[in-house]
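*Asks:* Handing you this structure, nothing more for now.
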Amino acid sequence: MPHYVLALKTKKEVAEETMAFVFEYGRDQKLAFKPGQFVDITLNEPKYKDDKGITRAFSIASSPLDEYLMVATRLTDSAMKKSLTELAEGGLVNIDGPLGSFKLHSDEAVPAVLLAGGIGITPFRSMVKDATERNSNQKITLIYSNRTPEDAAFVPDLEEWQAYNTDFNFITRWTSEAGHIDGNFLRKNIKNMAAPVFYVAGPPGMVAGATRLLIECGVLEDKIRFEEFAGY
């Protein structure tokens, strides 16, 4: 597996209790990956320690064309996240990858529907940014569910890409006001439920619920792909 040692370039809060970390590529160190994949990040000398170790998996939020590697995570009191959050700019991390098979299908004539909950937006940000940069003709609909607008990461980016990518449709759902996504909501926003391949990413409960809902709406199981983001 490819191994990289990258320096933290910058970090920024992209939503309430959600932080993005941007790492600089060194000479001949650019990571070749498919949008949707993830990496393992290891801290050599973390400031905090617990029994869960010093390595965690993070989905890549940047695109393959970016001259940097970006990941994002919800902030918790775990030792790994606290150590990463307090890592100084210029601090080094070990990165292994890419890993995973959660990526868009290759037939661009087949539309994609992306269902994101919370920090599950990270692989979809990479997918949408890549499709926009490549001028892909693939029809992509992203439905992003959060409790409130303050909880939603990367919304300005996604709205910007929708403004000039006519094949990308971005839809938000604030569950504190409108409730969770249901069959009526899906059928209203997706005219032909049999056509797309569906991708689901978010907390395990959200992924399980969305998968059940899609099956109830008549979507074949082999047209549903998912990635769970468990807390740590």
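All of the numbers you see were taken from the coordinates with simple rules; none came from a lab. Just so it is clear, the structure is predicted and the values come from calculations on it, not from any experiment. Here the Cβ positions follow ideal geometry from the backbone for every residue, glycine too, while neighbour counts run over all protein chains shown.
*Asks:* For region 170-232, run through the trypsin sites (Lys or Arg not before Pro) and keep only the ones in DSSP coil with at most 11 other Cβ atoms within 10 Å of their Cβ.
*Replies:* K191
*Asks:* If I histogram all Cα-Cα distances within region 3-99 using bins 5 Å wide from 0, what percent of pairs lands in each bin?
*Replies:* Using 5 Å bins, I get a P(r) of 2, 14, 26, 28, 20, 8, 2, 0 for region 3-99.
*Asks:* Can you give the Rg/Rh ratio of region 64-179, where Rg is from the C-alpha atoms and Rh is the Kirkwood radius?
*Replies:* Radius of gyration over Kirkwood radius for region 64-179 works out to 0.99.
*Asks:* A further question on this structure: Measuring from label point to label point, each 7 Å out along Cα→Cβ, what is the N94 to E177 span in nm?
*Replies:* 4.7 nm
*Asks:* Once you compute Rg and the Kirkwood Rh from C-alpha atoms, what is the Rg to Rh ratio for region 113-232?
*Replies:* That ratio equals 0.93.
*Asks:* Hey, another quick one. Okay, which of region 158-196 sit inside 19 Å, backbone N to the point 7 Å along the Cα-Cβ direction of D222?
*Replies:* Only 193-196 pass the distance filter.
*Asks:* Please go through the residue pairs K52/K82; K34/K82; K191/K223; K47/K103 and name each one whose alpha carbons sit more than 23 Å apart in this structure.
*Replies:* From K52/K82; K34/K82; K191/K223; K47/K103, over 23 Å: K34/K82; K47/K103.
*Asks:* Please return the longest stretch of the chain lacking exposed loop sites, where GluC sites (Glu not before Pro) count only if DSSP places them in a loop and at most 16 other Cβ atoms lie within 10 Å.
*Replies:* Result, exposed sites excluded: 109-232.
*Asks:* Using the charge dipole of region 11-100 (Lys, Arg: +1 at Cβ; Asp, Glu: -1 at Cβ; taken about the Cα centre), state which of A79, I60, Q37 has its Cα farthest towards the positive end.
*Replies:* Of the candidates, Q37 comes out farthest on the positive side.
*Asks:* Report the charge-dipole magnitude of the chain in Debye, nearest 20, computed about the Cα centre from +1 at each Lys and Arg Cβ and -1 at each Asp and Glu Cβ.
*Replies:* The calculated dipole for the chain is roughly 280 debye.
*Asks:* I would also like to ask the following. How much length, in nm to one decimal, is gained on full extension between D51 and N169, taken as 0.36 nm per residue of separation minus their Cα-Cα distance?
*Replies:* Stretched fully, the D51-N169 segment lengthens by 38.2 nm.
*Asks:* Rg(Cα) of the chain divided by 2.2 N^0.38 Å?
*Replies:* 1.01
*Asks:* Follow-up question, since we're still on this one. For region 112-228, what is the charge dipole size about the Cα centre, in debye to the nearest 20, if Lys and Arg each add +1 at the Cβ and Asp and Glu each add -1 at the Cβ?
*Replies:* Approximately 340 debye in magnitude.
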